Amino acid sequence: MHRRTFLLESAGLTASLLPATRFASAQSWSPKVIQFVRDRQEREYLQLADALHLGSAKSAYEKIANRRVSPDLQQEYGSAALPTPYEDPYMYPVMTKTFDLLSRENEALGAPPLPHPFLATLPAGDVEASSAEEETTKTPVVFFEQGLFSFFYDMAKLMAWAAPPLTEGQLTDDTALTQVPRSYTMPLRASEYFAASLFTYATSGSPVATLLPIPEPSQNLGLSIRLLNHMVRFAMGHELAHIRERDRNKPQTWEVEYKADALSASLVTTLADINHGSWAVGYWGCELALVALNLLYRAIAFTSFGGKKLTWVSPTHPDPLKRRENLRGIWLNPRSPETGVAAAREMSGMMEALFQRLWEIGLAEMAIGYQRGERASPRWRKAARSFQVAA
């Protein structure tokens, strides 16, 4: 079996783990909901087509979503029935299967059922996910930025390349994680992969445009598998929290985002502890998702404005690093396991040091590209508006 397929399967994203009836039911929606989603997708692809001078929404879709993939992924996901002609053919089943497994594990806890939204992808240029509601049926819809999971996949591999090799025993035992040596020499390849992947994503608008895809970290495959799983679940849980808390009926504030992060992280870490033996690795995935978003925002900002000093100005969303700091409040929750928190602190400190070094290395390459005239993709027009040149 090809390792990429193994990675997705092991992360809980494979059809063989799900009853066919569940996956089919996820596609049984009112025609009004499907039309609502299709219209939104077509509008966004048309705007992207205008920005990229492609002429039509379909041309933009073909460029961004309908890309070539490896034969094993084509076999695994290529035959899934898509609800609209503008849906990402590979991310749609990943989203649906992630939701189904998350729901099943949540139900096994005896917790109230998770909300069941319509799931869709969108080239909105927002970097993150968002939710909406079809007015007639009142059906919640969650739109994930097209390519978000692919970006998470790359970041999980990069983290696994940069981190010291961790055994299965360490990944399933928080006590063992607290004893991981702090001194570690990061492989040179990690910095090469990081710089190329982040810069290409910022300037092309798609991680699949990378000429040299990041190889899977054979020395740390188990870590990459788990981090990807928890990152995707954190993003999914965040949007489900918005729906459960009826946040669409509230003013969009930073506090609303902080709360959704906290609720999602609580669910992810609880399930990670019960099902995988490590609360800390579950938390690690949640924090890595925010670190990944921060790195992408920083790359978009640099390739948009150069080295100018910038200020974060979004009134609705805090910057990802503020979200990360707020998320660490879970460490102070008396219900969080003491050993898990200790291990999470160790992993977070290591991750922060490694990615800071990777950013410093990658920044030099981005500066060279910026001097050559390479700029952020028009796709990131909305994300770039989260910044303002400081006075």
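Sub-6 Å Cβ pairs linking a first residue in region 67-96 that is closer than 23 Å to Pro213 by Cα to a second residue that is modelled with pLDDT under 60 and in a loop (DSSP other than H, G, I, E, B), at least 6 apart or interchain, are Asp72/His2; Val94/Leu13, ordered by first then second residue. Among the residues of region 231-254, the one identified as of a type in the set (Val, Ile, Thr) and in contact with a strand residue (DSSP E or B) (Cβ under 7 Å, 6 or more places away or on another chain) is Ile243. Listed by first and then second residue, the pairs linking a residue in region 259-282 that is farther than 14 Å from Val341 by Cβ to a residue that is surrounded by fewer than 24 Cβ atoms within 10 Å (Cβ to Cβ) and among the β-branched types (Val, Ile, Thr), with Cβ atoms under 6 Å apart and 6 or more places separating them unless they lie on different chains, are Gly277/Thr172. I'm checking my understanding of the structure. Among residues of region 345-384 that are within 30 Å of Leu332 (Cβ to Cβ) and touching a Phe, Trp or Tyr at 6+ places or on another chain (Cβ under 6 Å), which one is surrounded by the fewest Cβ atoms within 10 Å (Cβ to Cβ)? Only one residue tops the list, namely Leu358. Only residues that are over 16 Å from Lys259 (Cβ atoms) and surrounded by fewer than 18 Cβ atoms within 10 Å (Cβ to Cβ) were counted across region 311-327, and they come to 6.
Among the residues making up region 268-286, those that are assigned to a helix (DSSP H, G or I) and surrounded by fewer than 24 Cβ atoms within 10 Å (Cβ to Cβ) are Thr270, Leu271, Asp273, Ile274, Asn275, His276.
For Leu221, state whether it is out of contact with any strand residue (DSSP E or B) (no Cβ under 9 Å at 6 or more places or on another chain), among the aliphatic types (A, V, I, L, M) and surrounded by fewer than 17 Cβ atoms within 10 Å (Cβ to Cβ). Here the answer is no, as Leu221 does not meet what is asked.
For region 213-228, residues that are part of a loop (DSSP other than H, G, I, E, B) and over 18 Å from the mean Cα position of the chain (by Cα) total 2. Checked against the criterion of being among the hydrophobic types (A, V, I, L, M, F, W, C), buried (at least 17 other Cβ atoms within 10 Å of the Cβ), within 28 Å of Leu48 (Cα to Cα) and touching a residue at least 60 places away in the same chain (Cβ under 8 Å), region 161-171 has no qualifying residue. Restricting Leu114, Leu82, Leu166 to residues that are within 20 Å of Gln35 (Cα to Cα), aliphatic (A, V, I, L, M) and in a loop (DSSP other than H, G, I, E, B) narrows the list to Leu82.
Within region 249-258, the set of residues being in contact (Cβ under 8 Å) with a residue 60 or more places away in the chain and outside any helix (DSSP H, G or I) comprises Gln252, Thr253. In the set Thr253, Thr269, which member is of a type in the set (Ser, Thr, Tyr), more than 17 Å from the chain's Cα centre (by Cα) and on the phi < 0 side of the Ramachandran plot? Step by step, each of Thr253, Thr269 is checked, and only Thr253 is of a type in the set (Ser, Thr, Tyr), more than 17 Å from the chain's Cα centre (by Cα) and on the phi < 0 side of the Ramachandran plot.
Here's the yes/no breakdown for (1) in contact (Cβ under 8 Å) with a residue 60 or more places away in the chain; (2) part of a helix (DSSP H, G or I); (3) over 30 Å from Asp173 (Cβ atoms):
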{"residue": "Thr316", "(1), (2), (3)": "yes, no, yes"}
{"residue": "Glu325", "(1), (2), (3)": "no, yes, no"}
{"residue": "Trp331", "(1), (2), (3)": "no, yes, no"}
{"residue": "Arg345", "(1), (2), (3)": "no, yes, no"}
{"residue": "Phe355", "(1), (2), (3)": "yes, yes, no"}
{"residue": "Glu360", "(1), (2), (3)": "no, yes, yes"}
{"residue": "Glu365", "(1), (2), (3)": "yes, yes, yes"}
{"residue": "Gly369", "(1), (2), (3)": "yes, yes, yes"}
{"residue": "Gly373", "(1), (2), (3)": "no, no, yes"}
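When Asp261, Asp247 are screened for being buried (at least 16 other Cβ atoms within 10 Å of the Cβ), more than 15 Å from the chain's Cα centre (by Cα) and within 28 Å of Asp100 (Cα to Cα), only Asp247 passes. If only residues of region 134-158 that are touching a Phe, Trp or Tyr at 6+ places or on another chain (Cβ under 7 Å) and not in a strand (DSSP E or B) are counted, the one that is modelled with the lowest pLDDT is Phe151. Of all residues in region 35-67 being assigned to a loop (DSSP other than H, G, I, E, B) and within 21 Å of the chain's Cα centre (by Cα), which is modelled with the lowest pLDDT? Checking each candidate, the answer is Arg67.
Report, by residue number, each residue of region 89-111 that is of a type outside the set (S, T, N, Q) and either part of a loop (DSSP other than H, G, I, E, B) or under 30 Å from Ala57 (Cα atoms) (or both). Selection gives Pro89, Tyr90, Met91, Tyr92, Pro93, Val94, Met95, Lys97, Phe99, Leu109, Gly110, Ala111. Per the listing Thr203, Thr175, the residue uniquely out of contact with any strand residue (DSSP E or B) (no Cβ under 6 Å at 6 or more places or on another chain), in a helix (DSSP H, G or I), in contact (Cβ under 8 Å) with a residue 24 or more places away in the chain and surrounded by fewer than 19 Cβ atoms within 10 Å (Cβ to Cβ) is Thr175.
The values are calculated or read from the model by the stated rules, or taken from the named source; none is laboratory data. Owing to the predicted nature of the structure, the values given are computational and were not obtained by experimental measurement. Cβ atoms come from the backbone with ideal geometry, glycine included; neighbour counts cover every protein chain shown.
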